[in-house]
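Only one structure is covered here, and it is reproduced in the block below.
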Amino acid sequence: FSVLTSQRDGLQLDDTTPAWPSDKIQKESTILNKPQMVEYEEDSNANPKTHPTMTAKCDPCPEGVMCVPQIQCPAHVRMQDHEKPQICDLPGGKFGYCCVTGQNHTASPKNKARIPHITFIPTGVIDEARLRFQNLMHQISFVPVTRGQPEFAHNMVFHSTPQEDMQNFQLSKSAMEQVITTQVFTEKEHIPVEDIITNNIDLEFKETPLEHHCHPPRSCLNKRSKYRTFDGSCNNIRPHRSHWGAAGQPMERLLPPAYEDGIWTPRIHAKDGSLLTGAREISRILLGDSDRPHPKYNLLLMQFGQFIAHDVTQSSSVRLETGESIQCCAPNNRAVLPPERRHFACMPIAVEPHDEFYANFGIRCMNFVRLSLAPNMDCRATFGKQRSKVTHFLDASPVYGSSLETARELRLFQGGRLRMFNDFGRDMLPLTNDKSACGNDDPSMTCFKSGDGRTNQIISLVVLHILFAREHNRIAGILSQINPRANDELLYQEARRIVIAEMQHIIYNEYLPSVIGPMQMKRFRLVPQHHGYSNEYNADVNPAITNAFSGAAFRMGHSSVDGKFHIHQQQSPQQPPLQRGHADEIILIPDVMFNPSRMRLRTFLDDMMSTMLHQPMQRVDSAITQGLSRFLFRGHNPFGLDLAAFNIQRGRDQGLRCYNDYMEVMGHRRIQSFSQLPPEVGRKLSQVYRHPDDIDLWVGGLLEKSVEGGIVGITFSEIIADQFSRFKTGDRYYYEYNSSINPGAFTIDQLHEIRKVTMARLICDNADHLTLHGVSPAAFMRPDLTGNSPVRCDSAQIPVIDLEAWRL
Ligand code: HEM
Ligand SMILES: [Ca+2]
């Protein structure tokens, strides 16, 4: 088959075709009404798929209930009394959910306030909560996390800037006070967990000492600004929504949280009341390492995924007041600290004495600190909500930063350009002297600065950061030639606007279809148009990241990581693509985590780019490389951390519900018994889970068979599709919108140029071309696929964007 045609499958839908043909509505609504069994890896005939029968048009919603798009119907409303959502028809052939929601993702008054008599917080509760909070703040372990230890590096992934870390501490403290007060109140009043998680308590912090933690959204001075703000605020111009998607805002939820107390206490019990199996045990038993190269996609798809993940989400772990990391394990990780000596945010991962790896080092504990929370803006008592530090929008925040201050630090203030470090004629990211950006004090170590604090996490990520920063400067350079009178500010903002649009186009046109497959692209109306403007903006959609996406579904990328880079120097354009096993150098990934010094080698950028283009990524399945599950952030130590265990533990920290719940809300049949699964999968799962309702979302999702044309299973594909639908419909500045929606809209000629951009073009225009001589037109796909051999950068297969359309 031809790669290019298959890649374009996702593009075939033109804007005159109804994206939701009527037979599709019926089929899909039937799927949602009559849940289907999900398929798993190795599934051959254990669960024959039943074909849905056609049904008539959907029934109208009951009186007083609205039909809204799925992403507008918050789960806590939809899931009331555990009913399944009723599917209904929206105008234009779309389908939606009958939903009792109002405009603000809150339940309608009809369902609220089962305890209407208590709407104030008694003083006794405030006092008791304050005392409890103070005790908690002092019950702190002073075992330091020292530089050079893997735990130190783990904490660096939550780093942005020292100022932002401090601000995060203060906000998180406010949020904790609110959460603890809610805990005390609900304990005293015996409020059922169900009422808390469905926001069914009408309790406000107004007129209490906690009021100063509530920050109402600020009003926007300029609602028609041509350019996005740096922190993402004022994207939505409706009153009380200016903060939607802004940096520092809480994550959204697809389903109510699974906290034991409904508020913040993590799920530790299985359905039968026994203790859940520990995260490291699950990782060790279920998620072993095996080499399974993907037949279609290369490592660039993996790496671009992480770059996008960093654009849209960065959580942050709770810290000590000094800014230092919290340690939850006894010295040398010999034991889990006893509860009375732990910080309240500790959630250490126990390592069993029979652990075939960590036991060799006498390790019985892996440090794990819970995520910090965001104070509730509307001043109402509710469950803890995790704070994300970066703009939730797809707005190239890793390039420009998520605040005005960071953006300014990155600018040259000349010719609209970003500051770069000229390394003997090659533009690299500026070097940083921020000690928290890299793992050790070695003065010879190179460490880079960008709009995101995680840039140095792995060297292949640095390559993408450099590529996008160079693209900005390349565009600013051409714009200034075309418009000699344009000043620095104009050139900078225009180049930024173009880079964001290019990135969005590459994501929706090339990246996303590869991940979720063409079916979900069409179902969620994510396919970019060939011509004309899109009209999908919906001011009622909150673009915020969901916990299910950041805590599980998009962490699917961790399974696509290969533990080794087979570095390959392309000597000439004629040289055949990389043969596996033939490499000029093999780099183990833990050796290039927070250690990007190799970037200074003259041909390394090209060599790494070439490697990402040629080396297959790993399949997204239950295999995780030991580079991540044993040696993460190893540094100079003989062992590192286990990212798979972190993902499982993080899901519980974020209050993710069990896998079955997400499957069900997406319209599929729950698993009642492990015997419904392929024997091998069922056997393994039953070793670590007692009941299918105990399965962690990240684990269950990884076991599913990938969807047609995509790399992930049905549950992850839907959580990811939902998220990218929020990024598109909830972003007023989305590149395909016209000026009636987007005050920074492109002219139709400009949009036409943006639509030519491909990942291959970006590489062509910004690589060093010392050892990189050709690029595959479908850059995320393996070059050994028919029709995807590398071609020269002047080939018509890699179209060029003509910036003449930006003569200002
Ligand atoms: C290349 C190697 C990678 C490394 C070393 C890495 C490492 C990490 C680490 C240490 C965390 C935080 C874990 C925690 O304590 O919760 C994390 C979070 C995450 N990772 Fe990765 N990752 C890699 C690749 C990827 C890829 C390819 C993707 C997606 C395609 C991805 C998506 C995410 C997401 C969505 C989060 C959550 C971020 C947040 O909300 O804070 N990662 N990763
Ligand atoms: Ca962003």
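Brief remarks on what is shown
- Among the candidates Ser559, Ser550, residue that is away from ligand 2 (no atom under 16 Å from the Cβ) and at pLDDT 95 or above: Ser559
Conditions tested, residue by residue: (1) farther than 23 Å from Ala279 by Cβ; (2) in a loop (DSSP other than H, G, I, E, B); (3) modelled with pLDDT under 95.
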site	(1), (2), (3)
Thr322	yes, yes, yes
Phe344	no, yes, yes
Phe383	no, yes, yes
Arg408	yes, no, no
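- Some residue of the range 308-322 being away from ligand 2 (no atom under 16 Å from the Cβ) and charged (D, E, K, R): yes
- Filter pass, Ser450 being at pLDDT 95 or above, over 22 Å from Gly477 (Cα atoms), buried (at least 24 other Cβ atoms within 10 Å of the Cβ) and among the hydroxyl-bearing types (Ser, Thr, Tyr): no
- In the range 614-630, the residues that are under 16 Å from Lys705 (Cα atoms) and surrounded by fewer than 23 Cβ atoms within 10 Å (Cβ to Cβ): Arg619, Ser622, Ala623
- Residues of the range 621-664 satisfying the condition of being among the β-branched types (Val, Ile, Thr) and either in a loop (DSSP other than H, G, I, E, B) or closer than 13 Å to His154 by Cα (or both): Ile624, Thr625
- Criterion violated by Thr432 - all others in (1) touching a residue at least 60 places away in the same chain (Cβ under 8 Å); (2) β-branched (Val, Ile, Thr); (3) away from ligand 2 (no atom under 16 Å from the Cβ); (4) out of contact with any Leu (no Cβ under 9 Å at 6 or more places or on another chain) satisfied: (1)
Let's see how each residue does on (1) surrounded by 22 or more Cβ atoms within 10 Å (Cβ to Cβ); (2) assigned to a loop (DSSP other than H, G, I, E, B); (3) more than 16 Å from ligand 2 (Cβ to nearest atom):
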{"site": "Lys206", "(1), (2), (3)": "no, yes, yes"}
{"site": "Glu211", "(1), (2), (3)": "no, no, yes"}
{"site": "Pro217", "(1), (2), (3)": "no, yes, yes"}
{"site": "Asn235", "(1), (2), (3)": "yes, yes, no"}
{"site": "Arg238", "(1), (2), (3)": "no, yes, yes"}
{"site": "Ser242", "(1), (2), (3)": "no, yes, yes"}
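- Qualifying residue in the range 295-309 (condition: closer than 30 Å to Gly730 by Cβ, out of contact with any helix residue (DSSP H, G or I) (no Cβ under 8 Å at 6 or more places or on another chain) and within 13 Å of ligand 1 (Cβ to nearest atom)): no
- Residue in the range 355-378 that is at pLDDT 95 or above, surrounded by fewer than 22 Cβ atoms within 10 Å (Cβ to Cβ) and among the acidic types (Asp, Glu) present: yes
- The combined condition, being in contact with a Lys or Arg (Cβ under 6 Å, 6 or more places away or on another chain), more than 26 Å from Glu177 (Cβ to Cβ) and not in a loop (DSSP other than H, G, I, E, B), is fulfilled by Asp427.
- Which numbered condition His310 fails, given (1) out of contact with any strand residue (DSSP E or B) (no Cβ under 9 Å at 6 or more places or on another chain); (2) modelled with pLDDT of 95 or more; (3) assigned to a loop (DSSP other than H, G, I, E, B); (4) farther than 29 Å from Asp261 by Cα: (3)
- Within the range 389-417, residues that are touching a residue at least 40 places away in the same chain (Cβ under 8 Å) and among the small types (Gly, Ala, Ser) reach no partner that is part of a loop (DSSP other than H, G, I, E, B) and away from ligand 2 (no atom under 15 Å from the Cβ) with beta carbons closer than 7 Å at six or more positions or on different chains.
- Selection of first residues in the range 472-489 that are surrounded by 12 or more Cβ atoms within 10 Å (Cβ to Cβ) and of second residues that are modelled with pLDDT of 95 or more and among the hydroxyl-bearing types (Ser, Thr, Tyr), restricted to Cβ pairs under 8 Å at least 6 apart or on distinct chains, gives the following pairs, ordered by first then second residue: Ala476/Tyr492; Ala486/Ser480.
The values are calculated or read from the model by the stated rules, or taken from the named source; none is laboratory data. The shown structure was predicted, so the numbers you read here are calculated from the model rather than taken from an experiment. Positions of Cβ are backbone-derived with ideal geometry, glycine not excepted, and every protein chain shown enters the neighbour counts.
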